[in-house]
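Visitor: Got a structure for you, written out below as structure tokens; questions coming shortly.
The values are calculated or read from the model by the stated rules, or taken from the named source; none is laboratory data. This one's a predicted model, so the numbers in the text were calculated from it and none came from an experiment. Here the Cβ positions follow ideal geometry from the backbone for every residue, glycine too, while neighbour counts run over all protein chains shown. The area values use the complete protein model at the heavy-atom level, side chains included, leaving out ligands, DNA and RNA. Shrake-Rupley method; radii C 1.70, N 1.55, O 1.52, S 1.80 Å.
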Amino acid sequence: MSYRFALAGNPNSGKTTLFNNLTGNNAHVGNWPGVTVERREGKCKKSTENIVIIDLPGIYSLSPYTPEEIVARDFLTNDKPDVIINIVDATNIERNLYLTTQLLELGIPTIIALNMMDEVELRGDRIDVVNLEKQLGVPVVPITASKNQGIEELLNRALSFDKDHPLTTKNALENTKICDTIQEISELLAAGGYTNTLYYAIKLIERDEQIKDTLKLNPSLNLSIDKAIARAEHQSGEEIEMLIADLRYQYITEAISEHVQKGKTAGELTF
Ligand code: GDP
Ligand code: MG
Ligand code: K
């Protein structure tokens, strides 16, 4: 059995540190096709299993605005890795979880590596990892990549995902005022023979033109979907992309306010 694990996260979250920790000095470094965005791939030295680690470019979202975002999401949607290891900078958890909300919609087993836990401790912040994990519906493993802490647990939990079973995870937009529209469009897409319909429904509602082009919807399906989106926009009275971004932030704020307690601020730290 061989596995492909992709590392995804914001710039500066510690991806390369974790990548080097996992692969040793045995990485293959090149560029992603067609762009000057660095591509690193290497065999994991920390497991007896055959695991290839792919370091994706650092990104803040899965919107297709930068070459990095395009490379990362093309890889995730077209070359589906077995597991996404989403590296989250625990000292900046609120901002980092915005990408997480989008990754969790892809329908790929995802595990959160909550990195920089040494800094969290130093600041006196407290993160209730167990309940954060319950709330997000995916494994959350605290690590300190630069000190080799938590890595074994991270790999063990990533390996315990069952490849052959469909994944049910929670997502930030369920039980919100947009969820009926997501459901409606998912069903339209499913009836049209599409798979991964939750992800595509959300991207279409976000008016993602690149996704729309890829899907090549027939005119009648296209019209039905446009109508559903227009109806939702009319009902909410808000621009739909803004509404979705707001709902993502609300979801994160709720999770954070319940499970993260800030200690001293960085400015108050004494060494
Ligand atoms: P990338 O942009 O996601 O690839 O992030 P890097 O791996 O380059 O890390 C960004 C910075 O954070 C570097 O200075 C790392 O040394 C540092 N770093 C990475 N992991 C940790 C960690 O667990 N704790 C601390 N304190 N610093 C870390
Ligand atoms: Mg890096
Ligand atoms: K740092």
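Visitor: Just to be sure I understand: with springs between alpha-carbon atoms less than 10 Å apart, which residue in V141, V120, V29 has the highest mean-square fluctuation in the Gaussian network model of the chain?
Guide: Judging by the Gaussian network model, the answer is V29.
Visitor: Using the heavy atoms of the protein chains alone and a 1.4 angstrom probe, what is the accessible area of the chain per residue in square angstrom?
Guide: I get 50 Å² per residue for the chain.
Visitor: Given a Förster distance of 41 angstrom, what is the FRET efficiency for E152 paired with H234, based on the Cβ-Cβ distance and rounded to 0.05?
Guide: About 0.20, to the nearest 0.05.
Visitor: Compute the distance from the alpha-carbon center of region 50-128 to that of region 227-267, in whole Å.
Guide: A separation of 18 Å, based on Cα centres.
Visitor: Related question: I want to check the label-to-label distance for E209 and E94. Put each point 7 Å from Cα in the C-beta direction and report it in nm to one decimal.
Guide: Using points 7 Å along Cα→Cβ, the separation is 3.3 nm.
Visitor: Let me ask something additional. Taking the Cα atoms only, what angle lies between the long axis of helix 93-103 and the longest principal axis of the chain, rounded to 10 degrees?
Guide: 50 degrees
Visitor: Kindly identify region 73-203 as rounded, prolate or oblate by the Cα gyration tensor criterion: order the square roots of the eigenvalues as a ≥ b ≥ c, call it rounded if a/c is under 1.5, otherwise compare a/b with b/c, prolate if a/b is larger, else oblate.
Guide: In terms of gyration-tensor shape, prolate.
Visitor: Rounded to the nearest 0.05, what FRET efficiency do E187 and L223 have when you use their Cβ-Cβ distance and R0 = 22 Å?
Guide: Working: r = 15 Å, r/R0 = 0.70.
After rounding to 0.05, the efficiency reads 0.90.
Visitor: Report the residue, chosen from D89, D208, D79, that carries the largest GNM mean-square fluctuation when the chain is represented by alpha-carbon nodes joined by springs under 10 Å.
Guide: D79
Visitor: Given a Förster distance of 41 angstrom, what is the FRET efficiency for V29 paired with S257, based on the Cβ-Cβ distance and rounded to 0.05? Don't skip to the end; give the middle numbers.
Guide: Numbers: r = 41 Å, r/R0 = 0.99.
After rounding, the FRET efficiency stands at 0.50.
Visitor: Taking the chain as the reference, fit the longest principal axis to its C-alpha atoms, fit the long axis of helix 240-259 to the helix C-alpha atoms, and give the angle between the two in degrees, 0 to 90, nearest 10.
Guide: 40 degrees
Visitor: While we're here: Roughly speaking, to the nearest percent, how much of region 173-216's 1.4 Å accessible area is carbon and sulfur?
Guide: C and S fraction of accessible area: 48 percent.
Visitor: Right, another one. What nm value, rounded to one decimal, do you get for the distance between K80 and K170 when each label is placed 7 Å out toward the C-beta?
Guide: Simple spin-label model gives 2.5 nm for this pair.
Visitor: Give me the one-decimal Kirkwood hydrodynamic radius in Å for region 1-47, with the sum taken over alpha-carbon pairs.
Guide: Across region 1-47, the inverse of the average 1/r is 11.7 Å.
Visitor: Further, regarding this structure: Apply the a/c threshold of 1.5 to the C-alpha gyration tensor of region 84-150 and tell me whether it is rounded, prolate or oblate.
Guide: Verdict is prolate for region 84-150.
Visitor: Here is a further query. Whole number please: convex hull volume per residue of the Cα set in the chain, in Å³?
Guide: 141 Å³
Visitor: Something else now. I want to verify a result. In a Gaussian network model of the chain, Cα cutoff 10 Å, which of these has the top mean-square fluctuation: N20, N12, N31?
Guide: For the chain, modelled as a Gaussian network with Cα springs under 10 Å, the answer is N31.
Visitor: Sort the following peptides by mean Cβ neighbour count (other Cβ atoms within 10 Å, averaged over residues), highest first: 97-105, 59-67.
Guide: Numbers: 97-105: 23.2, 59-67: 17.4.
Going from most to least packed, we get 97-105, 59-67.
Visitor: Just check region 1-116 against the gyration tensor rule for me: Cα atoms, a ≥ b ≥ c as the square roots of the eigenvalues, rounded for a/c under 1.5, and otherwise prolate or oblate depending on whether a/b exceeds b/c.
Guide: Here region 1-116 falls in the rounded category.
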